[in-house]
Amino acid sequence: MNWNQITAIAQKDIKAITSNVQVWLGLVLLPLVFGVLLPGALILLLKSINFVDNDLVDMVQKVIKQLPEGAKKEQITELPTFNHQIIYIFVNYTLGPFFLIIPVMNSLMIALNSLVGEKERRTLESLMFAPIEVKDLFFGKLIATFIPTFVVTLASFILCGIIVNGLSYSMFDGLIFPNLSWGIILLWVAPMFSGLVILISIFISARSKSFQEAQQLGGVVVLPVVGAAISQVTGIVLLSPQLLLGAGFVLLIINFLLLHRLTRMNQRHVLFERQVH
């Protein structure tokens with residue numbers, strides 16, 4: 001690999017990303033919705049509602065029963081009101097999968113526009129004639145997508161922490177965010193999942209003729225995150241730290257295999273033929 005070429009490609013793409021208003025709007029709106037508005041609005045709502053016996057109460061009790069025996073489960077069950085319990089569970093168990101939508105959607109949006117954008121601007125042809133290995137081209141675009149995605153995810157995490165702890169501090173007399181699972185999500189699962197989304201998106205964009213076509217195909221990769229969010233809300237599956245660590249290792253292996261496969265499938269002549277469709 002030629003790291004000078006990879007760095008040059010990454011810098012070029014990051015510059016294009018930072019100068020694209022539409023991309024920046026997407027990078028800003030998602031964190032605002034899932035990192036600020038969603039947790040803030042729900043915490044305010046959950047603080048003000050007087051809960052009675054209903055399906056929501058049963059659902060939360062089901063989640064509590066699934067928690068492993070130990071200090072954490074005792075801490076939740078000993079909270080003074082149901083409002084305390086549901087807010088704590090929402091922040092530390094339910095919000096995580098929804099937060100993953102931020103890196104997944106941002107990396108999807110940037111990566112899908114990667115090669116397709118080069119095709120639509122008719123700049124991919126010059127890359128194909130340049131003395132650049134296909135693997136270096138993909139690595140450069142992977143890095144160019146990963147860096148802004150992770151920076152935005154980290155900023156979203158900080159904003160989310162400020163909002164969550166700011167709204168709940170007086171209620172709990174302390175900080176309830178983040179916990180161990182959140183640390184694993186931020187530093188392990190989100191980067192691995194983002195890498196997978198980027199690789200799949202680059203593969204799709206390399207094989208697509210337009211951004212609309214790539215976007216339709218790429219939307220499928222969001223479904224696992226939505227499924228994880230639904231499973232957390234309904235209590236079907238609880239994403240424990242052990243499960244999150246295991247999922248990250250599985251994603252790491254898949255990423256290595258997919259990267260190897262990707263660089264073998266997308267040869268220079270294939271990309272060029274699709275560029276001149």
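The values are calculated or read from the model by the stated rules, or taken from the named source; none is laboratory data. This one's a predicted model, so the numbers in the text were calculated from it and none came from an experiment. Cβ: placed from backbone, ideal geometry, glycine included. Neighbour counts: every protein chain shown. Side chains included, ligands, DNA and RNA excluded: accessible areas come from the protein's heavy atoms. Shrake-Rupley method; radii C 1.70, N 1.55, O 1.52, S 1.80 Å.
Odds and ends about this structure:
- Cα-based shape type of the range 1-83, given that a ≥ b ≥ c are square roots of the gyration tensor eigenvalues and the cut on a/c is 1.5: prolate
- The modelled label-to-label distance for the pair residue 20/residue 260, using points 7 Å beyond Cα in the direction of Cβ, is 3.1 nm.
- Full extension of the segment from residue 29 to residue 169, taken as 0.36 nm per residue of separation minus the current Cα-Cα distance, would add 47.8 nm.
- Ordered from largest to smallest accessible area (heavy atoms of protein chains, 1.4 Å probe), the residues 141, 15 come out as 15, 141.
- Gyration tensor (alpha-carbon) shape descriptor, the range 132-191, a/c threshold 1.5: prolate
- Taking the convex hull of Cα positions in the range 36-112, its mean projected area over all directions (nm²): 6.6 nm²
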